[in-house]
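The next block holds one structure in the form of structure tokens; read it before the comments.
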Amino acid sequence: MDIKKVGEQIALLRKAKGITQSELGERIGVSFQAVSKWERGETLPDTAILPDLANILETTVDFILLGSEKIVGYKGKCSVSDIKKGLDCIKKAGEYLGTDNLLYRAAIKGINTELNTDIEPAFTDDYIYEAFLAEAIIQNLFSGLYIDITDVKNNFRHEHFKKIVIDYCNRHGIK
């Protein structure tokens, strides 16, 4: 992390909001001199005030500290085909165990309760299936996994759900 760049970033964001150094200092409980030192790259803001600083400047702590540089630490990769296999396993559990089996019913109830939905129609309706597929992918991305956008583009039949996943990826820097 470059302390000078952090200072420049704070100054740029503050000026874009039309806030003086004194006003920013007052809002987060530091002196204007402290803000000035940050902006000159002499010191960094205390970590305890970074969330408030980001909130006031309407940005993120990462953006203050890294600017346009983004450090991404994915914990693994997922694929559309693997997620489809996972959804298909739920369907197959009903086929193998029987849809009246207590284990199957409990699994379905858990999914339906957590997602406030009914997953079973997805087993016979391709459009509903892709809605669950998109949701499962986004949940994996949210938990820190990565997906190849080309994989998404090539494996969704419904443009609506393909667009939802790709838009999510774009908003979170997944290319």
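With the Cα gyration tensor of the stretch 3-66 giving a ≥ b ≥ c as the square roots of its eigenvalues, does the rule (a/c under 1.5 for rounded; else a/b larger than b/c for prolate; else oblate) give rounded, prolate or oblate? It is rounded, given that a/c, with a ≥ b ≥ c, falls under 1.5. Which entries in the list Lys77/Lys162; Lys4/Lys75; Lys85/Lys153; Lys77/Lys175; Lys91/Lys175 go over 21 Å, if you measure between the two C-alpha atoms of each? Flagged as over cut-off: Lys4/Lys75; Lys91/Lys175. Charge tally around Asn155: other residues with Cβ under 14 Å, Lys/Arg +1 each, Asp/Glu -1 each, net -1.
Based on alpha-carbon centroids, what's the gap between the stretch 1-69 and the stretch 81-149 in Å, whole number please? Distance between centres, Cα-based: 44 Å.
Charge tally for Leu145 (other residues, Cβ to Cβ under 9 Å; Lys, Arg +1; Asp, Glu -1): +2. The order of Lys15, Lys5, going from fewest to most other C-beta atoms within 10 Å of their C-beta, is Lys15, Lys5. Look at (1) 47, 17, 13; (2) 38, 23, 13; (3) 47, 27, 12: the one that is semi-axes √(5λ) of the Cα gyration tensor in Å derived from this structure is (1).
Just so you know, all these numbers are worked out from the coordinates, no wet-lab data involved. Keep in mind that what you see is a predicted model, and the values were worked out from it rather than measured. Methodologically, a virtual Cβ is constructed for each residue, glycine included, from the backbone with ideal geometry; neighbour enumeration extends over all protein chains shown.
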